[in-house]
Amino acid sequence: MGTFVETMLGKAAGAVVTVEPDYIIINDGVSHAAVDEISTVAEPQKVLVIYDHDVPTGRPEAAAVLRKNLEFATAYGCRYIQAKGVGYQYLVHEVVKPGQIIIGGGSHGGIFGAKGALGINVSIPELARVTETGRYSIVVPETEYISLKGWLTEGVTIMDAALACLKAKADLSRKAVEFYCPTLDQHQKEVLCSMACMTGAYTAGVTEACPEEALELDLGAVEPMAVLPCESRAVQRQAKIVRKSELSGMEIQAGQIGGYTGGTIEELRRAAAVIEGKHLVRGFRLTVCPATSRDYIQAAEEGILAKFIDFGAQISAAGDHSVVVQGPGVMGPKERLVTTGLYTFAGAMGCADAEVYTVSMESVIAASFSGRLEGGRQNG
């Protein structure tokens, strides 16, 4: 039996194959740069132009990107998606079907593997060419297997497990990652596959059988983890991952629950249960960013947003919000933010000398109680 990526592409690793993707994704994050290079669109019905990052726009430059994308979609008859929240989350739950191939210019395409679809991350020039031709030629990548067995302990999350995997297997560049994870639920698999591409992995998927040579990770031994600040977006994949206990006692000014994996209804429900009957520490700023509009509405209907407001948090519009240069949630000089977002580069959340740390939702909430990053497992 072939690997997930070999099955999806129809050939063995090392072979050259040309595919016709079911969807091509362009958003206002990174991939909008492809719009400047595209001269024609082969199949407009397959091109999805999504507004999901700077929502609502916090600066003129972002507004210009949105206008550019809208004019592009209008000119070529492409579908323009707005007010749906994080594009990849919206697509994986409401659009994409198993067996489909999706090409985008970001770094989270692996999330589709949790649904049995193949998400491929490409460069901006490649994204422009596939949009123009409707085809994409690639060398089928080799596959690395990671086996996750056992159960996560209280206060430890799938984000911690994903970071532990990335720390243990730092070099996955241009390889497919296949996870054997029989004890994880669908949401946890989506988080795992989405985060797999943080090291430059080609794509990710889930397998029902795992070879003996797989890297093994005992979920019961996983500790809370953190991604440290890094110098620039260009070196984000090399950002150091450490045990959160190494940062114990660090003073924190703000927290954010959101990004591609942190603002889902599953995460919001767990967070609401942890803060029940409590209030964030004076001076701490907590921003809650539902992943999609559906998550936002569901959280409102279940009374979750009201609990966050009573707790002292502010609620942002549905969307990514992992990079906010100006607007709600930005950090001041020399401040520290803990976030479920996956970007920690200088300037990602405001001032260049502010420090951003990626941690789990539980770790963000724990910091909101004391204003400090606590070591070890947290259960509220």
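The values are calculated or read from the model by the stated rules, or taken from the named source; none is laboratory data. No experiment lies behind these values; they were computed from the predicted model shown. Note that each Cβ is placed from the backbone with ideal geometry, even for glycine, and that neighbours are counted across all protein chains shown. All accessible areas refer to the heavy atoms of the entire protein, side chains included, with ligands and DNA or RNA removed. Shrake-Rupley method; radii C 1.70, N 1.55, O 1.52, S 1.80 Å.
By average Cβ neighbour count within 10 Å, what is the ranking of 314-327, 131-144 from highest down? Working shown, then result.
Working: 314-327: 21.4, 131-144: 17.9.
In descending order of packing, they fall as 314-327, 131-144.
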>> Please give me the summed charge of the neighbours of Lys84: other residues whose Cβ is under 9 Å from its Cβ, Lys and Arg +1, Asp and Glu -1.
In response: -1
>> Straight-line reach only, C-alpha to C-alpha below 21 angstrom: list the lysines that Lys278 could link to, leaving out same-chain residues fewer than 8 apart.
In response: Lys307
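Calculated FRET efficiency, Ile297 and Ala214, Cβ-Cβ r, R0 30 Å, to nearest 0.05? Mind dumping the intermediate values first?
Working: r = 40 Å, r/R0 = 1.33.
Working from the Cβ atoms, E equals 0.15.
Quick check: at a probe of 1.4 Å, how many percent of the accessible area of the range 145-296 sits on carbon and sulfur atoms?
48
Hey, what's the per residue convex hull volume over the C-alpha atoms of the range 205-323, in cubic angstrom? Mind showing how you got there, number by number?
Details: hull volume 21.4 nm³, N = 119.
Each residue corresponds to 180 Å³ of Cα convex hull volume.
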> Which of Lys11/Lys189; Lys169/Lys240; Lys175/Lys240; Lys115/Lys167; Lys46/Lys68; Lys240/Lys334 have a Cα-Cα distance over 22 Å?
Replying inline: Lys11/Lys189; Lys115/Lys167
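Under a 1.4 Å probe, what is the accessible area of the range 256-321 per residue, stated in Å²?
Values: 2670 Å² over 66 residues.
Ligands and nucleic acids excluded, the result is 40 Å² per residue.
Which order do the peptides 67-79, 156-168 come out in when sorted by mean C-beta neighbours inside 10 angstrom, highest first? Mind dumping the intermediate values first?
Numbers: 67-79: 15.5, 156-168: 23.5.
So the order, starting with the most tightly packed, is 156-168, 67-79.
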> In whole Å, what is the distance between the alpha-carbon centres of the range 298-334 and the range 77-96?
Replying inline: 21
> Under the classification rounded if a/c is under 1.5, otherwise prolate if a/b is larger than b/c and oblate if not, where does the chain fall, given a ≥ b ≥ c as square roots of the Cα gyration tensor eigenvalues?
Replying inline: oblate
> Tell me, what is the FRET efficiency for Ala42 and Ala63 to the nearest 0.05, using R0 = 35 angstrom and their Cβ-Cβ distance as r?
Replying inline: 0.75
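Compute the Rg/Rh shape ratio of the range 10-165: radius of gyration over Kirkwood radius, all on alpha-carbon atoms. Present the calculation step by step, with values, prior to reporting the outcome.
Values: Rg = 17.1 Å, Rh = 16.9 Å.
Looking at the range 10-165, the ratio lands at 1.01.
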> How big is the gap, in Å, between the Cα center of the range 7-65 and the Cα center of the range 230-284?
Replying inline: 29
>> Net charge around Glu216, counting only other residues with Cβ within less than 13 Å of its Cβ (Lys, Arg = +1; Asp, Glu = -1)?
In response: -2
